[in-house]
1. Between residue B:116 and residues 5 or more places away or on another chain, which pairs have amide H atoms under 5 Å apart, with H built 1.01 Å from N, and which residues are they?
2. Just which residues of the stretch A:171-202 lose 10 Å² or more accessible area with every protein chain there, against their chain alone, with the probe set to 1.4 Å?
3. Say we join alpha carbon atoms closer than 10 Å with springs in a Gaussian network model of chain B; which of B:151, B:138, B:45 then has the biggest fluctuation?
4. Cα atoms only: what Rg and Dmax, in Å, come out for chain B?
5. Per DSSP H run of n ≥ 4, the term is -39500 (n - 2.57); total these for the protein assembly as shown, divide by its residue number, and report the mean residue ellipticity at 222 nm rounded to 500 deg cm²/dmol.
6. How many percent of DSSP beta bridges within the stretch B:128-219 run antiparallel, rounded to 5?
7. Compute for chains A and B the buried accessible surface, both sides summed, probe 1.4 Å, and express it in Å² to the nearest 100.
8. How do A:225-235, A:7-17 rank on mean C-beta neighbours within 10 Å, highest first?
Amino acid sequence: MVDLATILAGLGDAFSPINLLFVLGGVVLGQFVGALPGIGPVMAMAIAIPFTFVLDPLPAIAFLIGVNKGGLVGGAIPAVLINTPGTPDAAATALDGYPLSKRGKPLKATKMALYASVTGDTFSDIVLITVAAPLAVVALKTGPVEILALMIFAFSIIAGLVGDSIVKGVIATALGILCATIGLDPEHSTPRLYFGFFELYDGLPLAAVAIGMLVVAEILRRLAAMQGEMRPPLPRKDTQVAADRRVSLAEYWGCRFTMLRGAAIGTVLGALPGIGSTAAGFMSYAAAKQASKDPESFGKGNIHGIAATESANSAVVGANLIPLLTLGIPGSVSAALIISAFMIQGIQPGPLLFEQQGRLIYGLFGAMIMANLVNFWVGQLGLRFWVRVVRAPESIVFSTALLLCIVGVFMSTGGLFGVSIMLIAAAVGYVMHAFGYSVIIFIIAFFLGSRFELSLSQAMVILDGKPARLIEHPVALGLLLLALLSIYWLGVRAPRKQRQRNANG
Amino acid sequence: MNGNRVLVVAAAMLAATHAGAALADWEPAGPITLEVGFAAGGETDTIGRAIAASMEEATGWDVVVQNKPGGGGVAMFTGLATADPDGLTVGMGVSMPVLINLVLRGDKLPFTLDSFDYLATVARAQLAIVAKADAPFDDVKGLVEYAGANDGTVIAFDAKPQELLVKTINQSGADLRLLSTKSSAEAVQSVLGGHVAAAFAAGVHIPFLESGDLKMLASANATRHAYAPDTMTLIEQGWDIYTDPFFYIAAPAGLPDDAKGALASALSDAIASTTVNEIVVNALKTETSNLGADGTRTMLDDSLEVVGVLLANDN
């Protein structure tokens, strides 16, 4: 166990001015790139890593974690203000954030996103700092079979987002899964559906598809709706009364269960590899909608929808560090980048890290808590700035956004090929939206499809193709049972109640 | 002095400097692009950027790193094969994925080994087979016997060559089932969690060897690993197979000799520099190893043969 002197020394390091400066720099950079559509925090981290070699380990890692944390706050800002999520994590934030902004409450919407984000983040950081070791054991014991069962359970909850038409929902899901199968198959590395493009060996680039579908398609819709006059993307309402410009304590407190649920979902999914913050955001959103007494108000500007998504996707960051620090296992792309930053410093995350680098780890914990505070204050200032930015004429805002999307995808996919994929995805997204197919459902299926396929094949290998051997995995059985319950609850019981209500009313 | 004469003198001076430069040393006509066949932030990218920075410092040339991910480097080499052989475009990749694609679907690839001039290797990745410290076997033979006694057992891997090694071992009647994972870290996690009996690992396992949680069954390379000199290779344990993934740097074929010489020597200096070595040691747990321009080609030819043998066992 690490002694108190080491902990204090670590925290002392964290609060040195130079480290605070790097945390601040990271958060500012993260929020900025997160808020720009197309250039996400993951890319900023990837570019920054080789440069962190010249820094000491603590400022280097603290800087990257600052970028990561800032990015999750920043990503919500364009999602809420102009319906173009800066990062895929924030896709579910747009569902309620944008309607609320359109109703003339952009500051309330962005502030709720910020508060929920910082709350979820702090929750998972505290979990990391206090119970990382026991949680790591849980993560270790969660094998492929359990992960598969957990994903099925998550799907059964997310399915609640499918919308009015189940047929269209199923088609969007099938299309998403089909796109996820492009590239090398997970078992034997045989290329599928690549049409001679070696760029597709690793599958469709996630960033290009997400940005195309979520951002560029929205820009195209705005373009189609333009009528020649100069107007801002968001209707300007100067009549915003003070109560609409802030989130009151009562409103924040009213979301406490939503945020707690979101933080818990984010922490659990973050501690396990492979599922990620986008899924956590959607799962928390769907759970909040189903738990709500007034599910009809979701999608129309309910602050619970914002709180649910943002608390969950930000909680993933802290929780990702649980398997990362204790076992050296990255739970996401950004976590993998943090591992490479550790590695180029000559530090191998893993079982001996707390013993050998206790001071660094506690310095890191201090830096994370500081990053949350900085995130809060920078966010307070920043969102005022962004709310002003979207007062510019929409022709300027959206053409800038389109340019940033192209540059961002060009950089992250290494050429124009990714940009073509982005434009194709945008066209597909535009058409899907026009015909009432949910792009969100497509994105979820696409993001989780390849991981699901891998988990399925892994589970088959572990079970030796015999379903009866599931008996040896009681946790997985429990999760599958929960999935069945959730399908009954949401798919059979809730619609029946709804019909009864309709019949009575 | 009239204008014409000025021009003539200027032209003569220009020609003289140019000729002098060509005689003494090749100079790039512009910034050199080092294309990395993997995404930004990974180990190949980090090492590539360190090499570029070190080259810039030593030679004064501009070296720009560009990421061209896809297919374990195949996407990048596809583009590199058609680039101008003017010394301004070089590419860095890993040997194994390229060679496997050449053997498996060479007819569909727009390049062969002859499409490139080879400049250097950077390092050899170290691949080990590991198991939990309390496992009832200490080598691969023990693992195979354990599988036989237990109705088969599972081994985790994260790349095609590893799958081929196991299939070759299975040829002799072993019953090892293959669990595909996304990374070496995930493979090691499944061993630690008790979900599989053994796993391939490329460095992630080293701290767990120190902590006593894992033991190493074999080196899957041609030689033993420096950190575990007592663990035998697969070859020493009776299977005549290995995988030696080298990080290497190539240029489009037809590079002029002076450019090739200058680039190879600049790369050689960069790879030998302390910064690059430190980053390689940190990221790959092994020293840099540069086989030189000719050695790189020989290594690739030899490895291609080994891959061919391994793939003959793929079914």
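1. Hits under the 5 Å cutoff: B:253.
2. A:186, A:187, A:188, A:189, A:191, A:194, A:198, A:199, A:201, A:202
3. So, out of B:151, B:138, B:45, the one fluctuating most is B:151.
4. Spelled out, the Cα radius of gyration and Dmax of chain B are 23.0, 97 Å.
5. -20000 deg cm²/dmol
6. Roughly 55 percent of the beta bridges in the stretch B:128-219 run antiparallel, per DSSP.
7. The A and B chains share an interface burying roughly 3900 Å².
8. So the peptides A:225-235, A:7-17, ranked by packing, come out A:7-17, A:225-235.
The values are calculated or read from the model by the stated rules, or taken from the named source; none is laboratory data. Keep in mind that what you see is a predicted model, and the values were worked out from it rather than measured. No Cβ is skipped: glycine too gets one built from the backbone with ideal geometry, and neighbour counts run over all protein chains shown. Quick note on the areas: whole protein, heavy atoms, side chains included, nothing else; ligands and nucleic acids left out. Shrake-Rupley method; radii C 1.70, N 1.55, O 1.52, S 1.80 Å.
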